[in-house]
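Beneath this line is the structure, given in structure tokens, with notes to follow.
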Amino acid sequence: EVQLVESGGGLVQPGGSLRLSCAASGFTFSSHWMAWVRQAPGKGLEWVANIKQDGSEKYYVDSVKGRFTISRDNAKNSLYLQMNSLRAEDTAIYYCIRDGGAYWGQGTLVTVSS
Amino acid sequence: DVVMTQSPLSLPVTLGQPASISCRSSQSLVHSDGNTYLNWFHQRPGQSPRRLIYKVSNRDSGVPDRFSGSGSGTDFTLQISRVEAEDVGVYYCMQGTHWPKTFGQGTKLEIK
């Protein structure tokens, strides 16, 4: 059974940093693109970043470029999102997904507030 | 960015009746590889989204056959042949052809 389990969310002040993790199981992690998608409270879905199987290609939505970094560790079956210079508008549930959206984690809530 | 426009945004439906959601993109979603990367997702309150349809018309495993997807180019439709109580929630279309991948605003389906 495919499982994606996010962790690392929480309350952080504007300008602060947070690192999200996603533990994957039930499939060959190194064979799939992975991504982060977020959803602000009561709002729709926004694709944040993508990473290729070997980490050689990464794509970011403009609103997070230069502040967020997606990475992966195929030996640990794990996906990460390093978030720096956080803003109030980054407040959202962050979902780890296997690219294409076939599988989603339960999400982890990031709240940026003073 | 490719803008995905869904209609209607609110969809009250009687149990057992059909429902249809439209999704239009601001650019053609035909990829250079010949595929059209248009997916449909369903999100129940308090839950993660679930993919229903991928590449316009392919149902994901376990998705009831009352759900169907169609369309081409810039114009796509999700149809539910007979709405059941478990179908309530928000439906999103999403294009994966162009970066950044983008979602529609969502269509909230409720039972009348």
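Rounded to two decimals, what is Rg over Rh for the range A:45-114 when you use alpha-carbon atoms and the Kirkwood radius?
Numbers: Rg = 12.3 Å, Rh = 13.0 Å.
In the range A:45-114, Rg relative to Rh is 0.95.
Let's see if you can work this out: charge +1 on each Lys and Arg Cβ, -1 on each Asp and Glu Cβ, no other charges. What is the dipole magnitude of the range B:1-69 about its Cα centre, in debye to the nearest 20?
Computed about the Cα centre, the dipole is about 200 debye.
Provide A:85, A:114 in ascending order of the number of other Cβ atoms located within 10 Å of each residue's Cβ, fewest first.
By the 10 Å Cβ count, ascending: A:114, A:85.
Using mean Cβ contacts within 10 Å as the protection proxy, how do A:95-105, A:23-33 order, highest first? Before the final figure, lay out the partial values.
Details: A:95-105: 21.5, A:23-33: 15.0.
Listed from highest to lowest mean packing, they are A:95-105, A:23-33.
Using square roots of five times the C-alpha gyration tensor eigenvalues, list the equivalent-ellipsoid semi-axes of the range B:16-112 in whole Å, biggest first.
Those come to 23, 14, 12 Å.
Run down the aspartates and glutamates and flag those whose C-alpha is under 14 Å from the C-alpha of residue A:43, throwing out any fewer than 8 positions away in its chain.
A:89, A:90
Charges only on Cβ, +1 for Lys and Arg, -1 for Asp and Glu: so what's the dipole of the range B:38-83 about the Cα centre, in debye to the nearest 20?
It works out to roughly 160 debye.
First select every other residue whose beta carbon is under 10 angstrom from the beta carbon of residue A:59; then total the charges, Lys and Arg +1, Asp and Glu -1.
Working: positive: A:52, A:58, A:65, B:101; negative: A:57.
Once positives and negatives cancel, what remains is +3.
If you place +1 on the Cβ of every Lys and Arg and -1 on the Cβ of every Asp and Glu, how big does the dipole about the Cα centre of the protein assembly as shown come out, in debye to the nearest 20? Intermediate values should be presented prior to the final figure.
Details: 22 positive and 19 negative charges, 35 e Å.
Magnitude of the dipole: close to 160 debye.
Explain nothing, just the number: relative contact order of chain A, from Cα pairs under 8 Å at least 6 residues apart, as a whole percent.
Averaging sequence separation for qualifying contacts and normalising by length gives 37 percent for chain A.
With the calculation restricted to Cα positions, what are the radius of gyration and Dmax of the range A:1-70 in angstrom?
Radius of gyration, then largest Cα-Cα span, for the range A:1-70: 13.4, 38 Å.
Looking at the range A:19-114, which GluC sites (Glu not before Pro) are DSSP coil and have at most 13 other C-beta atoms within 10 Å of their C-beta?
A:57
Provide A:54, A:90 in ascending order of the number of other Cβ atoms located within 10 Å of each residue's Cβ, fewest first.
Lowest count first: A:54, A:90.
Which ordering of A:110, B:30 is given by a fewest-first count of other beta-carbon atoms within 10 Å?
By the 10 Å Cβ count, ascending, the order reads B:30, A:110.
What's log10 of I(q)/I(0) for the protein assembly as shown at q = 0.08, 0.15, 0.17 Å⁻¹, Debye sum over Cα points only, no solvent?
Each listed q corresponds, in turn, to -0.29, -1.01, -1.25.
Excluding residues fewer than 8 places away in the same chain, name every one of the aspartates and glutamates whose C-alpha is closer than 17 Å to that of residue B:101.
A:46, A:57, A:62, A:99, B:1, B:33, B:75
Just so you know, all these numbers are worked out from the coordinates, no wet-lab data involved. What you see is a predicted model, and the numbers here were worked out from it, not measured in a lab. Positions of Cβ are backbone-derived with ideal geometry, glycine not excepted, and every protein chain shown enters the neighbour counts.
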